[in-house]
1. What are the residues in region 237-266 that are part of a helix (DSSP H, G or I) and either more than 18 Å from the chain's Cα centre (by Cα) or without any contact (Cβ under 8 Å) to a residue 12 or more places away in the chain (or both), if any?
2. Does region 1-22 hold any residues that are in contact (Cβ under 8 Å) with a residue 60 or more places away in the chain and either surrounded by 16 or more Cβ atoms within 10 Å (Cβ to Cβ) or touching a Leu at 6+ places or on another chain (Cβ under 8 Å) (or both), and which are they?
3. Give me a count of the residues in region 155-189 that are of a type in the set (Phe, Trp, Tyr) and in contact with a Pro (Cβ under 7 Å, 6 or more places away or on another chain).
4. Determine, yes or no, whether GLU48 is touching a strand residue (DSSP E or B) at 6+ places or on another chain (Cβ under 9 Å) and either among the β-branched types (Val, Ile, Thr) or buried (at least 24 other Cβ atoms within 10 Å of the Cβ) (or both).
5. Inspect all residues belonging to region 22-36 and state whether any of them is within 14 Å of the chain's Cα centre (by Cα) and in a loop (DSSP other than H, G, I, E, B).
6. Out of VAL78, VAL50, VAL65, report the one residue that is at pLDDT 95 or above, assigned to a helix (DSSP H, G or I) and within 23 Å of VAL174 (Cα to Cα).
7. Residue by residue through region 166-204, note down the ones that are in a helix (DSSP H, G or I), buried (at least 22 other Cβ atoms within 10 Å of the Cβ) and either of a type in the set (Phe, Trp, Tyr) or under 20 Å from the mean Cα position of the chain (by Cα) (or both).
8. Looking at VAL134, VAL105, VAL128, which one is assigned to a strand (DSSP E or B), more than 27 Å from GLU233 (Cα to Cα) and either in contact with a Lys or Arg (Cβ under 8 Å, 6 or more places away or on another chain) or free of Cβ contacts under 8 Å to residues at least 40 places away in the same chain (or both)?
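The values are calculated or read from the model by the stated rules, or taken from the named source; none is laboratory data. These numbers come from a predicted model, not from an experiment. All Cβ positions, glycine included, derive from the backbone under ideal geometry; neighbour counts span all protein chains shown.
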Amino acid sequence: MPVFGLGTWRMGEHPEQFERDADVIRAALDLGITLLDTAEMYGEGGAEEVIGKAIHGRRDGLFLVSKFYPHNASHNGVIEACERSLQRMNCDTIDLYMLHWPGSVPLAQTFEALHELQDSGKIRDFGVSNFNLVDLEGIPADDQARLGCNQVFYNLLHREVEWEVSDWCQQRSVPLMAYSPLDQAGSVLQSPAVADVAARHDATNAQIALAWLLHQPNTVVIPKSVRPERIKENLAAVDIELNDQDLADLDSVYPAPEQPIRLGMR
């Protein structure tokens, strides 16, 4: 799985912006981004349709990630939701298919359906999103170490995942995928502490915030932008190497949690 991707939340919501959204995705592909993250929830399938338009003739080499609603997590519900997503994206396979957040359907049903989709070649891997420790431990035992990902709200300002979830995932080699890696409010972009580190690297605050996440073990980032120049800027974070002083300075202002704290969600 690539360590850097493009998020598509809020894409496909407005028909008049459909072509613009598709052009943004094409621009990201031209820059070398190969991971695209979406969900049936985004624009009620609209974001998947945008992806389908943007990747036409370019599916090879891409890593497509999508997620299904908890109310579609029953055995038949998962299979039918996957079929709809494949149709909207006009492709034969989803590389990583995830339960968007915990729901009330027994997970045994959900994972049975995911196995069937994997066996049929309609998905290559499966995972979960927004799962805290209790949720992860409720996954069927044989599947816990088979998870392709736990996608979580994670950034410098919100490190709740580091209390228990991160260790659980690292022990099982389950990657974390950080959504809203720059925080939705964007306050990290105005942070003086981040700016100080950025100045040392001739970088932007956004690049440092992303580089910090990429420094964390087995972590993928999926920042969303509709501006090709910003996507290019964000992608440059992959080449930034933070040193021990940088990390210590950021930790002093944005420390990891020292007591139990609920996993954040946006």
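1. Of everything in region 237-266, those that are part of a helix (DSSP H, G or I) and either more than 18 Å from the chain's Cα centre (by Cα) or without any contact (Cβ under 8 Å) to a residue 12 or more places away in the chain (or both) turn out to be ASP239, ASP244, GLN245, ASP246, LEU247, ALA248, ASP249, LEU250, ASP251, SER252, VAL253.
2. Going residue by residue through region 1-22, those that are in contact (Cβ under 8 Å) with a residue 60 or more places away in the chain are 1-11, 20-21.
Passing the criteria: MET1, PRO2, VAL3, PHE4, GLY5, LEU6, GLY7, THR8, TRP9, MET11, ASP21.
3. From region 155-189, those of a type in the set (Phe, Trp, Tyr) are 163, 168, 179; that's our starting set.
Narrowing the set further to residues that are in contact with a Pro (Cβ under 7 Å, 6 or more places away or on another chain) leaves 163.
Residues that pass the stated criteria total 1.
4. On the way: touching a strand residue (DSSP E or B) at 6+ places or on another chain (Cβ under 9 Å): yes; either among the β-branched types (Val, Ile, Thr) or buried (at least 24 other Cβ atoms within 10 Å of the Cβ) (or both): yes.
So GLU48 passes the test.
5. Step one: of region 22-36, the residues within 14 Å of the chain's Cα centre (by Cα) are 33-36.
Applying the additional criterion that residues be in a loop (DSSP other than H, G, I, E, B) yields 33-34.
Yes - at least one qualifying residue is present in region 22-36.
6. Values: VAL50 fails: within 23 Å of VAL174 (Cα to Cα); VAL65 fails: assigned to a helix (DSSP H, G or I).
Of the residues listed, the single one that is at pLDDT 95 or above, assigned to a helix (DSSP H, G or I) and within 23 Å of VAL174 (Cα to Cα) is VAL78.
7. So the first thing to find is which residues in region 166-204 are in a helix (DSSP H, G or I), and the list is 166-171, 187-190, 192-201.
If we keep only those that are buried (at least 22 other Cβ atoms within 10 Å of the Cβ) as well, we get 166, 169, 188, 194, 197.
Correct list: SER166, CYS169, VAL188.
8. Details: VAL134 fails: assigned to a strand (DSSP E or B); VAL105 fails: assigned to a strand (DSSP E or B).
Unique residue meeting the criteria: VAL128.
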